[in-house]
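The structure under discussion appears below in the form of structure tokens.
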Amino acid sequence: MNLIDGKKISLEIQEEIAKEVKDLLSKGHKKPHLAAVLVGNDGGSETYVASKIKACEKVGFKSTLIRHPEYVTEEKLLQTVRQLNEDKDVDGFIVQLPLPRHINEQKVLESILPSKDVDGFHPINVGRMVLNLPCYVSATPYGIVQLLGKYKIETSGKRCVVIGRSHIVGSPMSILLAKNTALGNATVTLCHSKTEDLKSHTTQADIIICALGSPEFLKADMVKEGAVVIDVGTTRVASTETKSGFKLKGDVKFDEVAPKCSYITPVPGGVGPMTIASLLKNTLLAAKKEIYP
Ligand code: GUN
């Protein structure tokens, strides 16, 4: 069994980005600038946004955090998005999800300028991704594809099962893996809550991407010997073992699944850090105006 070290690969990508930033600055370019909008005080979202901001500092980006309380109105949030769309200094920005229930998430995402949508959630970027046109690919699936590439894991012709059809991970992941590209060409099955006999699919899979958000869902008897398992789950569960009082649990029952795998990602330290590396990559593309000149 080989552990896929997302933290290490993420740091390598961040070093490459930091070099590019230095290069840009030496040519008189301004610092790439990422803004993040955080609504409320959800513990998970706070942690993710703090990691994104910290990573920006590390690679030499400028970052701005805009906070709104849980009770912010939809109109006020849309106003913030409009301001960021117009702000010439901001290259790209994200609105951290989930948003409170009284806010129409889709409306907010669609109000972001596609050229600044470094999360790749806008329908224009999703559509361009499907059509193989230049776009921002959403950070988590993009990070997973890069991980598979870095570890030279063959996807072409392989049976790949994606569990979970979220707009953020499962759905774009299934599309990327099926594309006629170097890190695609897999035969993809997208499984979800209505899938019958899930095990009959997963036990056939060469690669399983588990992205349903249910702690320790994937058990050893659902995985074939030698499979590659990518765990996207990051559920916070209470724990007496950590200072913070919680720990992150993946969607895979790691201890029993890992011995059967050729490769597996841990949680934490697998997919999570790659999401951040991809977001930084997209922001650099935005600063260089490579996708939307
Ligand atoms: N919530 C969970 N993952 C993400 C992400 O990649 N981007 C944003 N904006 N919100 C998220």
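The values are calculated or read from the model by the stated rules, or taken from the named source; none is laboratory data. Just so we're clear, the structure is a prediction, and the values are computed from it rather than from any experiment. Heads up, the Cβs are rebuilt from the backbone with ideal geometry, glycines too, and the neighbour counts pull from every protein chain shown. Areas reflect the complete protein model, heavy atoms only, side chains present, ligands, DNA and RNA absent. Shrake-Rupley method; radii C 1.70, N 1.55, O 1.52, S 1.80 Å.
Using the Cβ-Cβ distance between His192 and Lys289 with R0 = 41 Å, the FRET efficiency computed as 1/(1 + (r/R0)^6) comes to roughly 0.65. Quick check on my link table: of Lys62/Lys116; Lys152/Lys260; Lys52/Lys107; Lys219/Lys247, which ones sit more than 22 Å apart, alpha carbon to alpha carbon? With Cα atoms farther than 22 Å apart: Lys52/Lys107. Extending 7 Å from Cα along the Cβ direction at Lys224 and again at Asn132 yields two label points whose distance is 2.8 nm.
What are the chymotrypsin sites (Phe, Trp or Tyr not before Pro) within the stretch 37-115 that DSSP puts in a loop, where the Cβ has at most 11 other Cβ atoms within 10 Å? Here the sparse-neighbourhood loop sites are Tyr71.
Across the chain, the longest piece that holds none of the GluC sites (Glu not before Pro) lying in DSSP loops with up to 15 other C-beta atoms within 10 Å covers 71-153.
What you get for the stretch 31-165, charging only the Cβ of Lys and Arg (+1) and of Asp and Glu (-1), is a dipole of about 560 debye around the Cα centre. Quick one: grab the alpha carbon gyration tensor of the stretch 180-293, order the square roots of its eigenvalues as a ≥ b ≥ c, and give me rounded if a/c is under 1.5, else prolate or oblate depending on whether a/b is larger than b/c. Here the stretch 180-293 falls in the oblate category.
Helix 6-26 and the longest principal axis of the Cα set of the chain meet at an angle near 30°. Multiplying the residue separation of Leu97 and Ser51 by 0.36 nm and removing their Cα-Cα distance gives an extension gain of 15.1 nm. Positive end of the dipole of the stretch 238-289 (Cβ unit charges, origin at the Cα centre): among Thr283, Phe246, Gly269, the Cα lying farthest that way belongs to Thr283. If only the Cβ of Lys and Arg carry +1 and only the Cβ of Asp and Glu carry -1, the dipole of the stretch 1-91 around its Cα centre is close to 360 debye.
Averaging Cα coordinates gives a centre for the stretch 222-293 and one for the stretch 95-147; these two points are 19 Å apart. When the solvent-accessible area of the chain is split by element, carbon and sulfur atoms take up 53 percent of it, the probe being 1.4 Å. If you roll a 1.4 Å probe over the heavy atoms of the protein chains, what accessible area per residue do you get for the chain, in Å²? Roughly 48 Å² per residue, with all protein chains present. Considering only beta bridges that DSSP places wholly inside the chain, some 10 percent are antiparallel. Loop-located trypsin sites (Lys or Arg not before Pro) across the stretch 116-158 with a Cβ neighbour count of 13 or fewer within 10 Å are Lys152, with loop assigned by DSSP. In loop segments of the stretch 9-111 as defined by DSSP, the trypsin sites (Lys or Arg not before Pro) with at most 16 further C-beta atoms inside 10 Å of their C-beta are Lys27, Lys30, Lys88, Arg101. A simple charge model with +1 on the Cβ of Lys and Arg, -1 on the Cβ of Asp and Glu and nothing else charged puts the dipole of the chain at about 500 debye relative to its Cα centre. Cys135 contributes an accessible area of around 20 Å² to the protein surface, as traced by a 1.4 Å probe with all chains present. Residue separation of Leu65 and Lys22 scaled by 0.36 nm, minus their Cα-Cα distance, works out to 13.2 nm of gained length. Against the chain, whose longest principal axis comes from its Cα atoms, helix 271-287 is set at around 30 degrees. Overall shape: prolate for the chain, with the ratio a/c of the largest to smallest alpha carbon gyration tensor axis at 1.5 or above and a/b above b/c.
Summing Lys and Arg as +1 and Asp and Glu as -1 over all other residues whose Cβ lies under 15 Å from the Cβ of Asn282 gives a net charge of 0. How would you classify the stretch 1-120 from its alpha-carbon gyration tensor, with a ≥ b ≥ c the square roots of the eigenvalues: rounded for a/c under 1.5, else prolate if a/b is greater than b/c, otherwise oblate? Oblate.
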